[in-house]
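Participant: Sharing a structure with you now.
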Amino acid sequence: MFLRNLITTSTMSCSKQIDKLKKEIEKADAIIIGAGAGMSASAGFTYDGERFEKYFSDFYKKYGISDMYAGGFYPYETLEEYWAWWSRHIYVNRYDVSVGEPYSTLLKIVQNKDYFVLTSNVDHQFQLAGFDKKRLFYTQGDYGLWQCSKACHDKTYDNEKTVRKMVAEQKDMKIPTDLIPKCPVCGAPMTMNLRCDSFFVEDEGWHAAANRYTDFISKHKNKHVLFLELGVGGNTPVLHFWSTAEKSRKHMDKRQTQIGSHNWIKEFKEKRCA
């Protein structure tokens, strides 16, 4: 009951903004969505608290790691431990997870509109919810992909089969040594395809999505475009919506509308950590 009252109060205080947004969605010729970690957090896919304790209490006891984000950067002593962590992390955030309600709700709102999605999220929730894959651009990578740690070639690899095996066979916070993934080209250890350093691989699929986004922007110049940012925070300001909107003013008419936060100004290539 207490939570319901809070939601009601919050909704009422924002009623004017909600009405404005509803009208803009209805009038828009196209909608460009920018989504950050807040979308998944609002769905309950948090990286700390009870959810972290449920899956990583052993890592907390041994290393004092207190959340999933920090655990991804911990300097584990062996690759067996590194992949015990990451296989579990990938599994609970990418494969063993249901569709978050905010994603399903958003799809219902925009499914009959001409839309495109840019997101720094790497958990696949947009595709799980049913968004058109060709209208998505995962700028920061994907939990479902691995790459060479040395980035010796621009290709990524699906990891689901091996991740599931790692999770099933790990013991004492270690995976079997023979499951450690290695680059098929240079033999170096594989790593996550996440933008966290200068070795992030932008593969063929990444560039194809980037080109589709550019084409979408070009296609809708001189039209009424709504830039809608959701779940945006200061940690990964990668979608550059306000700078894009400013540049687009030269091509779009005065009906163009911006609704959202002002945090994502920098180009996504300028930010190196997911």
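The values are calculated or read from the model by the stated rules, or taken from the named source; none is laboratory data. Please read all numbers here as calculations on a predicted model, not as lab measurements. Glycine also receives a Cβ, built like all others from the backbone with ideal geometry; neighbour counts cover every protein chain displayed.
Participant: State the number of residues belonging to the stretch 103-121 that are within 14 Å of the chain's Cα centre (by Cα) and assigned to a helix (DSSP H, G or I).
Facilitator: 1
Participant: Out of A151, A208, which single residue is assigned to a helix (DSSP H, G or I) and not basic (K, R)?
Facilitator: A208
Participant: Is it true that some residue in the stretch 89-97 is more than 30 Å from K223 (Cα to Cα) and either touching a His at 6+ places or on another chain (Cβ under 6 Å) or assigned to a strand (DSSP E or B) (or both)?
Facilitator: Yes, the stretch 89-97 has at least one match.
Participant: Would you pick out the residues in the stretch 122-142 that are closer than 20 Å to P102 by Cα and in a strand (DSSP E or B)?
Facilitator: Once the filter is applied, which keeps residues that are closer than 20 Å to P102 by Cα and in a strand (DSSP E or B), the stretch 122-142 yields L136, F137, Y138, D142.
Participant: For the stretch 85-96, does any single residue satisfy the condition of being modelled with pLDDT of 95 or more and in contact with a Leu (Cβ under 8 Å, 6 or more places away or on another chain)?
Facilitator: No, the conditions are met nowhere in the stretch 85-96.
Participant: Related question: Collect the residues in the stretch 115-150 that are surrounded by fewer than 19 Cβ atoms within 10 Å (Cβ to Cβ) and free of Cβ contacts under 8 Å to residues at least 60 places away in the same chain, keeping them in residue-number order.
Facilitator: Matches in the stretch 115-150: H124, Q127, L128, A129, G130, D132, K133, S149, K150.
Participant: Does at least one position in the stretch 158-165 carry a residue that is under 13 Å from N193 (Cα atoms) and at pLDDT below 95?
Facilitator: Checked the stretch 158-165: no residue is under 13 Å from N193 (Cα atoms) and at pLDDT below 95.
Participant: On to the next question. Report yes if some residue within the stretch 140-158 is over 23 Å from Q127 (Cβ atoms) and of a type in the set (D, E); otherwise report no.
Facilitator: So far as the stretch 140-158 goes, no, none of its residues is over 23 Å from Q127 (Cβ atoms) and of a type in the set (D, E).
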